[in-house]
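Trainee: Before I ask anything, here is the structure I am working with.
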Amino acid sequence: MSDSANSNDAVVIERVFDAPVNLIWQMWTKPEYFKQWYGPKGFTIPVADMELRVGAQRLICMASPDGSMKMWTIGEYTEIVPGKRLVYTESPADENGNVVSPSSMGMPEGYPTTTEVTVLLEDLGGRTKMVMTHAGMPANSGAGGGWMQAFDKLADHIESVLRD
């Protein structure tokens, strides 16, 4: 089940997963899980350096299906409430974690250098309601579609984890 809404300066997606809050939290915060679902269909995550601590940086590399394009992002955790709320910033970067201009990565004019992702989790008695807000992300950037594909991958990964 999913609903999504875009405003001019944010992508907001609400989705309910058939999994407990603790598992959804781990999917967002444990690199070994995060690598399995993040990014649009066909994309992989060869690097997910994530230290879950306010003020700590996260460096992520997302690779295109054929591996010819790698997109790096750097960010910082700004708020962590285990099992409930996760907030981090995100900026385009090079492989060393240096922030680069969005235009150098092929992003359109007006694309922000830094955005903020907020993930809210709510326990629905064994199921989890997740509301993800990517603030600063232009609604027409295509990010909403990418997030929806990632959350489809997340739902599939959850199913495989729960089966094992």
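Trainee: Starting from the Kirkwood radius over alpha-carbon pairs of the stretch 1-82, derive D by Stokes-Einstein at 25 °C in a medium of 0.890 mPa s and give it in µm² s⁻¹.
Mentor: For the chosen part, D equals 170 µm²/s.
Trainee: Using a cut-off of 13 Å between beta-carbons, work out the net charge of the residues near residue 163 (Lys and Arg +1, Asp and Glu -1, residue 163 not included).
Mentor: Working: positive: none; negative: 18, 156, 159, 164.
Once all neighbours under 13 Å are counted, the net charge is -4.
Trainee: In the chain, which longest range has no GluC sites (Glu not before Pro) that are both DSSP loop (not H, G, I, E or B) and surrounded by at most 15 other Cβ atoms within 10 Å?
Mentor: 110-164
Trainee: Sticking with this one: What does the charge count near residue 76 come to, summing +1 for each Lys or Arg and -1 for each Asp or Glu among other residues with Cβ under 13 Å from its Cβ?
Mentor: Values: positive: 53, 58; negative: 49, 51, 79, 90, 116.
Net local charge, residue 76 excluded: -3.
Trainee: Related question: Within the stretch 126-162, list the trypsin sites (Lys or Arg not before Pro) lying in a DSSP loop whose Cβ has at most 16 other Cβ atoms in a 10 Å radius.
Mentor: When the trypsin sites (Lys or Arg not before Pro) of the stretch 126-162 are filtered for loop state and at most 16 Cβ neighbours within 10 Å, 127 remain.
Trainee: Here is a further query. Using only DSSP helix segments of four residues or longer, with each worth -39500 (n - 2.57), what per-residue ellipticity at 222 nm results for the chain after dividing by its residue count and rounding to 500?
Mentor: Roughly -7000 deg cm²/dmol at 222 nm, from the helical runs in the chain.
Trainee: Can you list, largest first and rounded to whole Å, the semi-axes you get for the chain by taking the square root of 5 times each eigenvalue of its Cα gyration tensor?
Mentor: 24, 17, 16
Trainee: With all distinct Cα pairs included, what does the Kirkwood hydrodynamic radius of the stretch 78-164 come out to in Å, to one decimal, could you say?
Mentor: Numbers: mean 1/r = 0.0664 Å⁻¹.
For the stretch 78-164, the Kirkwood estimate is 15.1 Å.
Trainee: GNM, the chain, Cα, under 10 Å: largest mean-square fluctuation among 110, 75, 144?
Mentor: Fluctuation is largest for 110.
Trainee: Hey, what angle do you get for helix 143-163 against the long axis of the chain, alpha-carbon based, 0 to 90 degrees rounded to 10?
Mentor: The two axes meet at around 40 degrees.
Read-outs: derived from the displayed coordinates by stated rules, not from any lab. Note that the structure is predicted; figures quoted are calculated from it, not measured. Note: ideal-geometry Cβ built from the backbone for every residue, glycine included; neighbour counts use all protein chains shown.
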